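Data first, discussion second: the structure below is written as structure tokens.
The values are calculated or read from the model by the stated rules, or taken from the named source; none is laboratory data. Note that the coordinates shown come from a computational prediction; the quantities given were computed from them, not determined experimentally. So basically every Cβ, Gly included, is an ideal-geometry build from the backbone, and we count neighbours across all protein chains shown. Ligands, DNA and RNA are stripped out before the accessible areas are found, and what is left, the full protein with its side chains, is counted by its heavy atoms. Shrake-Rupley method; radii C 1.70, N 1.55, O 1.52, S 1.80 Å.
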Amino acid sequence: MEVRDDGGGKVIGLIEKATKSSAQEVDPRLLKAIKSTLRYSDSEVRVAAKTLMELMKHKHSQVRLLTLLIIDELFMRSKLFRTLIVEKFDNLLSLSVGFRTSLPLPAPPAVATVLRTKAIEFLEKWNLSFGLHYKEIRLGFDHLKNTLKLKFPDLQANAARRQRERLEREMKTKEILRSKFESLRDGFGVLKGEIEETVKEIKEGLEIVQWRGDDGVPLAILDEEDYEEIRCSHLRQIRMDSLKQSDKVEETSENRVVFDVLREQGKLLMKKHLVSVQEGISLLIKVDVSDNRTRDSMLKELIDIRNDILATEKKCEEAGFVISRIIDTPEKEEDEDEDIWEDDDGKVGTDPVKNVAPLARVQNGEGSSLQSPSAANRSTLESTSNKAPSTKMVRRSGDPLRDKLISEAPIMNWGSQLSSWDSTTEVRANHRGLELESHWGRVDQDAVIPADKIAELNLQASVYREERTEIPPCHAPLKKGALCQRRDLRACPFHGPIVPRDDEGNPIIIEESQNKTSSTTEINQEDVSMDETTSDSDPNQLARKIAKQALKNIREQDKEELRKRAKRAKHAKVKEHNFSVLRDAAMASTSKSAVIDEEFDRVFAERKNKKQTFSLGRRKKTTAKDRISERLLSNRAKGTKPKQMPQGNDDEKYRETSANQW
Amino acid sequence: MWQAIQSRETGRTRPNSFSNQLKSRRISSLQLSNRKDFVSPHRGSVNSLQVDLTEGRYLLSGASDGSAAVFDTQRATDSEASGLIAKHKCVFSVDKGHEHGHKFAVSSAVWYPIDTGLFVTGSFDHLIKVWDTNTAQAVVDFKMPGKVYRTAMSSLAMSHTLIAAGTEDVQVRLCDIASGAFSHTLSGHRDGVMSVEWSTSSEWVLYTGGCDGAIRFWDIRRAGCFRVLDQSVTQLGVRPPILKHTAVNNKVSAEKSSSGGKNRLKTPQSKHTGSQNMKGSSSVKASVEKSRQKRLHPGMLSTLDRATAHYGAVTGLKATNDGMYLLSAGSDSRIKLWDTQSGCNTLLNFETGRLQTNKAIQLATSDDPALVFVPCMKTVNAFGMWSGRTTLMFRGHYESVNTCCFNSTDQELYTSGADRQILVWSPGGSMEDDMVQDEEVAEDKDNWSD
């Protein structure tokens, strides 16, 4: 360092000027001037350190703040300045942080807070960069942090934490990518095969269609003759458009099947394959695997496939059909489909195009291109309407296996779960495309919901729907002559169990069943009924039935009797018990029991007058009578005990002997 | 430096003076050490520090959280920043968690002077414990009548193992480790005793400073105290030269008598020893001494007995290494230097600021240059012992400093205070420092970006 001592003092003016401002920051020009002054002069540094320390003692937070800012600037730069400042580091800290209660920070309070936070921040910064070389800084930092428990911004730890989190997130992403890559590699052949198949099919279909379309072209050329005739400019315009579309193929009854297949395949291609290919490409670009060669070759192949698909799409477009690339709106697709179906139902008549140009419709069948553009757009509709009844059949019969499967398949409700049917990929939980900072804390960007959880979430709950069955009416004949119209499941409350009846209300089941019911209800008339039944047809069967019934009845009677007997026994027991209890109570009837009684009374009384609670405490006192009875009771207990003891001993003895025997 | 070594080699300087030169140079350059850190295990203010007397290596500290710890000052346990900062963790510590640990603040922790196998702690829980260093177990404990403020063991003692204990109680007790009982109870102070110091010249002499402001000298072979220091009994200058000729003596004594303070004391003496008055002050003094001891002892005159050394409590005592002087710190924020022989205040003015008043402080001295290290609130000041001028100032503590302890073998100063830190002040600009300086890391260099 070039030491050029020019007496000093220049810096004092600069510093004083810089600290006189009322801004939150030091004037950068002044700061620069100070720095450049100090850079080449040690004595100026000394002077500056002294001046700044003096200024720190100024009884105004604003001055202190600016001084502190200058100190920080110089502290980070000059070693000499550091050594000078560090000598009175505790002073500086107490003046800037104001941690000594005897030396609080001066007014104004708002600036004082800023000063304090700045000072703490600086202290941490200084400690980080120079703490190792200056024990004083370490001590000050340690004191404020560990003794006074001041809160530091903890820059380093924060940065470290952030770094760690980022690394973790990256690792996770990488892991996910890698697993995706693995699955892609595993399924690559299949995917490729599928796509190639589809592309091939589409190409073939296109070839077929276009070959047919070739027939149409000459027709269009033929129409050239009519060209002159159409004078109206509007019509000409229309014609020009239609000519442009001449290479587009119209869907006709003949190529309907092909078209359907084409459309389906196209949709498949655009919706599924293109998307998966593009995903694969982006994945391969992002993923970082050791096996670079496979990745590159896969990437190449995928790009080829994508180009292939795009080419096919272009071809399709050239051929006249737009394969909807809008993936997110399957409903629209559905609508289109529905349009087709609706046309079947006979919207035909209201079709304005048809009304306007019936001729075109006629020519349509021959593959003519003489159509207004609107008609061309509508051509698919019209053609379907032409062949209305057959379309459905064609569609149905298109793929027998599919039809079979469809007939078997359960009907599912439409929902988002259909799109992730059978998928085993993980879903990112916090991925919404937008980089939004959450207001509720940090968000784990890489949280994934595992596939099995997704499956669990998408678990289809089917609600059991009861099949509606017609509950037959009771149909018992009413007094008025009409039939009972009550619909009960088993028994009508008025007419008993519901039985099938004829139109007049008579039960259809043969008489005997009725008899049976009567016999069950009337046990006493058993014999009579038996007599009656015997007179009926099929005597053998009847006899058996009656015998059974009789047996049953008898058994039931027996049972009843048994039950009654048991009941009686129980009653007797209960009575006995009650009696004994009562007797005991009578014997031990002391003031305690009296208390209980009284308490009962009291409870009743309380219900009448709730304020009589104090009587409780008074009545709980034991009386002399009580004590005597207690003693008597205990004596009695003593007297009984010896009697019981031998019994127990006998028992034990027996047990012992038996144990020996065993 | 090299020149000095060469001159020592050639014999131009004697080894002793060479080492003294070196030491004094080192001492005068003491500064906060950046390379040595004691990792304080204490969670309270550190009240006591002592380097052991045998090896000068192990530092014993006692703190208000009831813990005491021993540090190795020479071998670091680990280091930080690639060896730049040596961390000294405590070798062991005993705290409240220890089964025999002190319940309250440890106010004093001293080494057994003979070896490092024992150390003594005194605590506010009224106990003095003697610990076996190797097992970290308390081997003896003494139950004191009050909070123990200070304990001391004689560094010279060959014939006794007594712990002098200054407590809340007015009596100073001497605890005998050998018997495990109190051998002496020294009564005389009118208030608790904050500081206790053994003489460095006689193993029988004990100095105690009480909260009543008195400093008493005890000869433990005899009953009662034999001297009470009086701040008004003064002598100008450090020590009256030992004179052989009365003529010179007269001059000196004349000077002395004119200097005021002493006259008051002399007058009562002169009544009894009037005839001897002409013999010269030293002999007079000696005879006065003798007669007073004879006459006053053990009762002493109540007027003498009431003399005070400080206004307020005596918070610290330190005998110089040669045993001739006694330094005392008082709550009147004064340091006084006493001649132990005459018992006179030397009237030396130490430029102290404020001293801690409510707590015992620990002073330290160094021989050459003769410095006194005094904790003055948050700083530690080094005063010239004969000048009283501040020669060094050690700023580093964030709370008031309680103790300082000078390690004369390494010329290092250890200070500790209420901020729980134990700071090391080591000679700056030393050889190893210079060596490190050369390869200094780029982080701590000038960094002018613009």
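Quick look at the numbers
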read-out	value
Residue tally, condition away from chain A (no Cβ under 14 Å), over 22 Å from the mean Cα position of the chain (by Cα) and β-branched (Val, Ile, Thr), over the stretch B:35-86	1
Residue check, A:LYS32 exposed (fewer than 15 other Cβ atoms within 10 Å of the Cβ) and either at pLDDT below 85 or within 14 Å of chain B (Cβ to nearest Cβ) (or both)	yes
Some residue of the stretch A:62-83 being open to solvent by less than 10 Å² (accessible area, probe 1.4 Å) and in contact with an Asp or Glu (Cβ under 7 Å, 6 or more places away or on another chain)	yes
Every residue from the stretch A:478-490 that is surrounded by 12 or more Cβ atoms within 10 Å (Cβ to Cβ) and within 26 Å of A:ARG468 (Cβ to Cβ)	A:LEU483, A:CYS484, A:ARG486, A:ARG487, A:ASP488
Positions within the stretch A:35-58 being among the hydroxyl-bearing types (Ser, Thr, Tyr), in contact with a helix residue (DSSP H, G or I) (Cβ under 9 Å, 6 or more places away or on another chain), part of a helix (DSSP H, G or I) and within 13 Å of chain B (Cβ to nearest Cβ), in sequence order	A:THR37
Strands (runs of 3 or more DSSP E) wholly inside the stretch B:94-157 containing at least 2 residues that are hydroxyl-bearing (Ser, Thr, Tyr)	B:106-111, B:118-123, B:148-153
Top-ranked residue in the stretch A:283-294 [being open to solvent by 50 Å² or more (accessible area, probe 1.4 Å) and either at pLDDT 80 or above or within 36 Å of the chain's Cα centre (by Cα) (or both); ranked as farthest from A:LYS172 (Cα to Cα)]	A:ILE285
Top-ranked residue in the stretch B:72-83 [being in a loop (DSSP other than H, G, I, E, B) and of a type in the set (S, T, N, Q); ranked as least open to solvent (accessible area, probe 1.4 Å)]	B:THR73
Checklist (1) within 14 Å of another protein chain (Cβ to nearest Cβ); (2) open to solvent by 80 Å² or more (accessible area, probe 1.4 Å); (3) assigned to a helix (DSSP H, G or I) applied to A:GLU168, failing item	(1)
Any hit, the stretch B:420-438, residues being modelled with pLDDT under 85, out of contact with any strand residue (DSSP E or B) (no Cβ under 9 Å at 6 or more places or on another chain), within 14 Å of chain A (Cβ to nearest Cβ) and not in a strand (DSSP E or B)	yes
Residue within the stretch A:145-168 that is aromatic (Phe, Trp, Tyr) and in contact (Cβ under 8 Å) with a residue 60 or more places away in the chain present	no
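Results for (1) open to solvent by less than 10 Å² (accessible area, probe 1.4 Å); (2) part of a helix (DSSP H, G or I); (3) at pLDDT below 85; (4) more than 14 Å from chain B (Cβ to nearest Cβ), shown as yes or no for each residue.
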| residue | (1), (2), (3), (4) |
| --- | --- |
| A:LEU95 | no, yes, yes, no |
| A:PHE99 | no, no, yes, no |
| A:LEU105 | no, no, yes, yes |
| A:ALA110 | no, yes, yes, yes |
| A:ILE120 | no, yes, no, yes |
| A:LEU132 | no, no, yes, no |
| A:ARG138 | no, yes, yes, no |
| A:LEU144 | yes, yes, yes, no |
